[in-house]
Amino acid sequence: MKARKWFWGVLLICGAALIILNQLGVFKGINFWSILAAVVLVPIAVEGIAHRHFFTLFLPLALLAIIFAVPLGIQTLVPWPALAAAVLLAVGFHLIFRRRGSSAPWAVHHRGSAKGNGGEVNYAADNVVSRNISFGASTEYLHSTDLQKVSLRCHFGALQVYFDNAQLNPAGAEVNVDCSFGGIELYVPRSWPVKISVDTMLGGVDEKDHPSGQRSGPELRVTGSVSLGGVEIIYI
């Protein structure tokens with residue numbers, strides 16, 4: 001915590017110094033708002049490194065590249081090439097370095113890991129659940145005995161949701177996602193039928209460890225939209 005305070009304190013002091021030097025004409029071609037954006041985006045990227053949230057690492061870097069494209073001489077790389085590269089890098093690093101595991105001990109491991117990475121941890125027993133994450137990380141454990149609807153909003157962040165201790169309503173349940181510049185992971189029991197109907201733009205929905213064979217019982221319907229982000233459904 002002390003190191004975190006030092007980091008933010010030094011960063012804000014450096015930001016103030018850069019603004020003053022810029023107004024004195026030390027930096028050419030960089031305006032006040034660009035420096036202010038850098039002061040906001042740099043710590044977000046650092047948080048991404050510290051917590052291994054690759055979307056919160058690469059996407060702020062892409063935005064910085066767009067903002068400082070002229071001074072850096074990289075106009076041909078912005079905006080879409082930089083954004084597309086950031087998304088691909090985030091997804092690629094996520095697939096390589098994502099945490100793995102199985103069964104109940106695996107879930108306990110993730111629960112402890114979530115507490116240790118600085119992200120928020122929540123436990124919910126409600127039948128209707130709504131979560132909104134912006135510029136941060138959260139891990140959600142659902143314990144509902146009659147789950148009907150889950151609304152997930154994730155912008156510039158990372159969100160993990162565990163369904164292994166939840167029971168679906170007999171008519172099924174809906175998970176509505178709204179993900180942009182971030183990543184959502186849904187950990188779903190292998191025995192559940194899952195139907196995916198998500199609109200994507202420069203993003204995607206991926207399934208991991210997909211079970212083979214017919215599955216019966218209430219259906220989990222995944223709907224919503226993903227843009228410049230990713231949703232991953234992991235069967236456990």
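Send over the per residue convex hull volume for region 122-224, Cα only, as a whole number of Å³.
Hull volume normalised by residue count: 87 Å³.
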Footprinting exposure proxy for H155, H53, H210 (fewest neighbouring C-beta atoms within 10 Å first): H210, H155, H53
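Taking R0 as 41 Å, what's the FRET efficiency between C14 and S130 from their Cβ-Cβ distance, rounded to 0.05?
Calculated value: 0.65.
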Quick note on T76, T56, ordering by fewest other C-beta atoms within 10 Å, gives T76, T56
Long-range HN-HN contacts of L147 with modeled amide H, under 5 Å: Q167, L168, N169
Work out how much length V40 to K149 would gain on full extension: take 0.36 nm times their residue separation and subtract the Cα-Cα distance, in nm to one decimal. 35.8 nm
Linear extension gain, S191 paired with L72, 0.36 nm per residue minus alpha-carbon span: 37.7 nm
Three-way shape label, region 2-95, alpha-carbon gyration tensor, a/c 1.5: oblate
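Here, each number is a calculation from the coordinates, and none is a lab measurement. Values in this document were obtained by computation on a predicted structure and should not be read as measured data. Cβ sites come from the backbone with ideal geometry, for glycine too, and all protein chains shown count toward neighbours.
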